[in-house]
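Here is the structure we will look at, set down as structure tokens.
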Amino acid sequence: MDFQSLKNILKLLSAIGIGVGLFFTIPVGVGFIYKENVGYFFVFWLLFLLVNFLMQLLLYKHKLKMSVKDAILAVNVVWILLGIAGGAGLYLTSNISMVDAFFEAISGFTTTGATIYDDIASLPHTTLMLRSLMHWLGGMGVIVLGVGLLTLLNPSGSLTLFKSESTGISVEKLTPKIKDTAKWLWGIYLILTFMDALLLYMGGMDSFDAINHAFSTISTGGFSTKNESLAYWDHNYFILWVTTIFMFLSGVNFLVYLRALHKDFGGFFSEEVRWYAIIFFVLALALTFVHFLLGHDTFMHAATHAFFTIASILTTTGFASINYASWSSEATALIFIAMYIGANAGSTAGGVKVIRYVVLFKNLFAQMKQNLHPSAIIGVYIDGKRVSGKILSSVSGFFFIYVISNLLLALFLYAKGYDFLTAVSAAIACIGNIGPGFGQVGPVDNFAFFSDFEKIILALFMIIGRLEFYTFIVLFSREFWRRF
């Protein structure tokens, strides 16, 4: 790496550091409001901001012009640094080890929602706000990076696929610059967060819980302020349905909302959004009837928790309104299906993404037709646009990597002595950025029992899953280092 590349990376990282540091003002302020001991965290916050400001001053005259190689390195490194910075804050505000703090911070920024805390309700308000804020920043950070850097780094990624092959969305046509697009997206993000927090407050949450849960909902993160998660309000159907609706809305591509603001509502009728809605309602209704017929609850109770659970898992939020692990095996199977799908590209959700399944199945049917009619020219079309061979190969490659990664991580955990259900669901939950799973990592459990080494491995897989593999795997390519 040459000196210019190093300066490019340092300038970008310090800019992100300043942004994160300024947002860290919120938990510092919360600590003072609730008269908590935030002395060490306050000093860390000042030093963190100071270091990043000094770096920006030193590189003030350096014109940021990043190559593909610089950008890929920066995007990979930034997640590790965010985990260290956020982890330091958690370490200083709660009684946990640095490894646990790093795991929790990575889980926060990647919007995974897997936690190591046994007694969340006893945590200081500072820590609770810091966890939720990491979710909120990570959620929009993923979208902004996807619109800007990741489109360049991973031209076959899910967001690019949605933009170029699915709905014809062209960000450049909506706003002249990526910076302007990011501002619009932040505005939409803020509006959804405010609306969610307001409705939760009206439904019975206090202001602190409402803000924290709005942060976690819109980011599809899943950190809660209660040990029971949303099950703390399990009989408050208003709160549960509001959260269900906003989880679903957060699983929609945010560029669809951006188009709607420009009076173009076509995005809501794209194939991915339509299939996302169909999958959600089919799974939710199926789970409702399974839970109602095999359980002893009223239909309304079964529907409320079924729709909530599918919304939570499908959007990879990870909230729990009930201990769904105690439901029937049929219910478990339906939830596993939701875990392996995900929501829309361009949303805050993780997972495979619906658009990839649409492409995979259309390609499968196209290949079947091709076998029946060898001389015919049969293509794959999404919303009337032909999907290129490059995209088809990339989607197939991604799915292969996703399955293999889940298999390898599950085998690693199984070899370490964990039961099959725990190993498999923990792997899916971390790589898909979902949070809870089944077995020992069920909705009423946590990840504290894993060893320090296992937590680091799980945290790294959270990052790899959030980066959608290619951006990380390319680092191990000799051609990448030679070419760039």
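Taking the stated definitions as given, is Gly342 assigned to a loop (DSSP other than H, G, I, E, B), surrounded by 11 or more Cβ atoms within 10 Å (Cβ to Cβ), modelled with pLDDT of 90 or more and not β-branched (Val, Ile, Thr)?
Working: assigned to a loop (DSSP other than H, G, I, E, B): yes; surrounded by 11 or more Cβ atoms within 10 Å (Cβ to Cβ): yes; modelled with pLDDT of 90 or more: yes; not β-branched (Val, Ile, Thr): yes.
The answer is yes for Gly342.
Here the helices (runs of 4 or more DSSP H) wholly within the range 113-219 that include at least 1 residues being within 30 Å of Asp70 (Cα to Cα) and at pLDDT below 95 are 125-147, 149-153, 158-161, 171-174, 178-203.
This table checks each residue for (1) more than 30 Å from Trp186 (Cβ to Cβ); (2) more than 17 Å from the chain's Cα centre (by Cα); (3) of a type in the set (Lys, Arg); (4) outside any helix (DSSP H, G or I).
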residue	(1), (2), (3), (4)
Ala286	yes, yes, no, no
His291	yes, yes, no, no
Ala303	yes, yes, no, no
Thr316	no, no, no, yes
Ala338	no, no, no, no
Ala349	no, no, no, yes
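Going through the range 410-467 one residue at a time, which ones are among the charged types (D, E, K, R) and over 21 Å from Ser216 (Cα atoms)? Passing the criteria: Lys416, Asp419, Asp452, Glu454, Lys455. Taken over the range 281-310, the criterion of being exposed (fewer than 15 other Cβ atoms within 10 Å of the Cβ) and either in contact (Cβ under 8 Å) with a residue 60 or more places away in the chain or closer than 21 Å to Thr217 by Cβ (or both) is satisfied by Phe281, Met300. Just so you know, in the range 385-408 the residues that are outside any loop (DSSP other than H, G, I, E, B) and of a type in the set (Val, Ile, Thr) include one that is surrounded by the most Cβ atoms within 10 Å (Cβ to Cβ), and it is Val395. Looking only at the range 358-384, residues that are under 24 Å from the mean Cα position of the chain (by Cα) and either buried (at least 19 other Cβ atoms within 10 Å of the Cβ) or not in a helix (DSSP H, G or I) (or both) come to 2 in all. When you look at Ala114, is it surrounded by fewer than 24 Cβ atoms within 10 Å (Cβ to Cβ) and under 24 Å from Ala345 (Cβ atoms), yes or no? In short, no.
For the range 357-383, filtering for residues that are of a type in the set (Phe, Trp, Tyr) and either in contact (Cβ under 8 Å) with a residue 40 or more places away in the chain or touching a strand residue (DSSP E or B) at 6+ places or on another chain (Cβ under 8 Å) (or both) leaves 1.
Does the range 414-421 include one or more residues that are surrounded by fewer than 24 Cβ atoms within 10 Å (Cβ to Cβ), modelled with pLDDT under 90, assigned to a loop (DSSP other than H, G, I, E, B) and out of contact with any Cys (no Cβ under 7 Å at 6 or more places or on another chain)?
First pass over the range 414-421, keeping only residues surrounded by fewer than 24 Cβ atoms within 10 Å (Cβ to Cβ): 414-421.
Subsequent filtering for residues that are modelled with pLDDT under 90 retains none.
No, the conditions are met nowhere in the range 414-421.
From Leu364, Leu314, which residue is among the aliphatic types (A, V, I, L, M) and over 20 Å from Ile431 (Cβ atoms)? Just a single option satisfies the conditions, and that option is Leu364.
When restricted to residues that are at pLDDT below 90, assigned to a helix (DSSP H, G or I) and acidic (Asp, Glu), the range 430-483 contains 1.
Of all residues in the range 195-212, how many are within 16 Å of Leu128 (Cα to Cα), touching a residue at least 40 places away in the same chain (Cβ under 8 Å) and surrounded by 18 or more Cβ atoms within 10 Å (Cβ to Cβ)? Of the residues in the range 195-212, 2 are within 16 Å of Leu128 (Cα to Cα), touching a residue at least 40 places away in the same chain (Cβ under 8 Å) and surrounded by 18 or more Cβ atoms within 10 Å (Cβ to Cβ).
The values are calculated or read from the model by the stated rules, or taken from the named source; none is laboratory data. Owing to the predicted nature of the structure, the values given are computational and were not obtained by experimental measurement. Because the Cβ atoms are built from the backbone with ideal geometry, glycine has one as well, and the counts that use them run over all protein chains shown.
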